[in-house]
Amino acid sequence: DGVSLALTYQQGRLTRAATRGDGTTGEDVTANAKTIRAIPLKLQGGAPKRLEVRGEVYMLLENFRRFNDRASRQGEETFANPRNAAAGSLRQKDPQVTAARPLRFFTHSYGAVEGMRFKTHWEFLEFCKRLGLPVPEHAVRCGSLAEVQRQCKRLERLRERVGYEADGVVVKVNELAL
């Protein structure tokens, strides 16, 4: 459970990062997103002409607790939960403040691609890995509904141990044409 972020790469270089904003107009947070270590400023070889990926900015629970403890001891603002901390961090006026916060990012989908096509969602995730974009570590490709159900149960058991807040499992149809 983090903050949705769209990253736009032109010729393999990060040119824009935007949140959902008010739901209609996104908020440009490029300078702050560039300070998040997990977000590559330049993609590794083979990047398409234009690629917009979507993902989540989040904090590990342990890092969130440490951040809030330190902030409290120093008389600074604390946050109610990691999602609020991630959102507040992305909206800082000073990118150095964002850089000092323990933010992470993973890619889960795409918005626009110029110069190539994907047949499956799994193909997209594998491509992101090759480009140096982080993807969810627990993502798996299933071959049947029964396997999807088994994976959902497995992930539900892991939920308390993944290290970050999670609302639940996201299941996607792999064939993008469907």
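Of the residues Asp22, Asp94, Asp69, which exhibits the maximal mean-square fluctuation in a Gaussian network model of the chain defined by a 10 Å Cα contact cut-off?
Asp22
So what is the 222 nm mean residue ellipticity for the chain from helices alone, if each DSSP H run of at least 4 adds -39500 (n - 2.57) and you divide by all residues, rounding to the nearest 500 deg cm²/dmol?
-9000 deg cm²/dmol
Taking the Cβ of Leu176 as the centre, find all other residues whose Cβ is under 13 Å away and add up their charges (Lys, Arg: +1; Asp, Glu: -1).
Charge balance in the 13 Å sphere: +1.
For the stretch 70-153, give the percent of accessible area contributed by carbon and sulfur heavy atoms, probe 1.4 Å, rounded to a whole number.
46
Can you list the residues, at least 5 places off or on another chain, whose amide H is less than 5 Å from the amide H of Ser109, using H built in the peptide plane?
Amide H neighbours of Ser109: Arg54.
Measure up Lys129/Lys172; Lys42/Lys93; Lys49/Lys93 against 26 Å on the Cα-Cα distance and list the ones that go over.
Lys49/Lys93
I need the shape label for the stretch 106-178. Rule: rounded when a/c is under 1.5, else prolate if a/b > b/c, else oblate, with a, b, c from the alpha carbon gyration tensor.
Oblate.
Gain in length, Asn174 to Glu147, computed as 0.36 nm per residue apart minus the alpha-carbon separation, to one decimal in nm?
8.4 nm
What nm distance separates the two modelled labels at Thr24 and Asp167, each placed 7 Å from Cα along Cα→Cβ?
Each label point lies 7 Å from its Cα, and together they span 2.2 nm.
Please label the shape of the stretch 8-104 as rounded, prolate or oblate, based on the square roots a ≥ b ≥ c of the eigenvalues of the alpha-carbon gyration tensor (a/c under 1.5 means rounded; beyond that, a/b larger than b/c means prolate, else oblate).
It is prolate, given that a/c is not under 1.5 and a/b is the larger ratio.
With a Förster radius of 22 Å, plug the Cβ-Cβ distance of Lys42 and Glu126 into 1/(1 + (r/R0)^6) and report the FRET value to the nearest 0.05.
That gives a FRET efficiency of 0.65.
Any aspartates and glutamates with Cα under 18 Å of the Lys34 Cα? List them, leaving off those in the same chain fewer than 8 positions away.
Glu52, Glu56, Asp94
So for Ser72, Ser89, what's the accessible-area order with a 1.4 Å probe, most first?
Descending accessible area places them as Ser72, Ser89.
Express the accessible area of the chain per residue in Å², computed with a 1.4 Å probe while the remaining protein chains stay in the model.
On a per-residue basis, 60 Å².
Please build a GNM for the chain, connecting alpha carbons under 10 Å apart, and tell me which residue among Leu103, Leu61, Leu51 fluctuates the most.
Looking only at Leu103, Leu61, Leu51, the biggest GNM fluctuation is shown by Leu61.
What do you reckon, how do Arg150, Arg91 stack up by accessible area (1.4 Å probe), largest on top?
Most to least solvent-accessible, the answer reads Arg150, Arg91.
Per residue of the stretch 43-53, in order, report the coupling 6.51 cos²θ - 1.76 cosθ + 1.60 (Karplus, θ = phi - 60°) as ³J(HN,Hα) in whole Hz, putting x for Gly and Pro.
Once rounded to whole Hz, the list reads 6, 6, x, x, 6, x, 3, 9, 9, 10, 10.
The values are calculated or read from the model by the stated rules, or taken from the named source; none is laboratory data. Note that the structure is predicted; figures quoted are calculated from it, not measured. Cβ coordinates were reconstructed from backbone atoms using ideal geometry, including for glycine residues, and neighbour counts include every protein chain displayed. Ligands, DNA and RNA are excluded from the accessible area calculation, which covers all protein heavy atoms including side chains. Shrake-Rupley method; radii C 1.70, N 1.55, O 1.52, S 1.80 Å.
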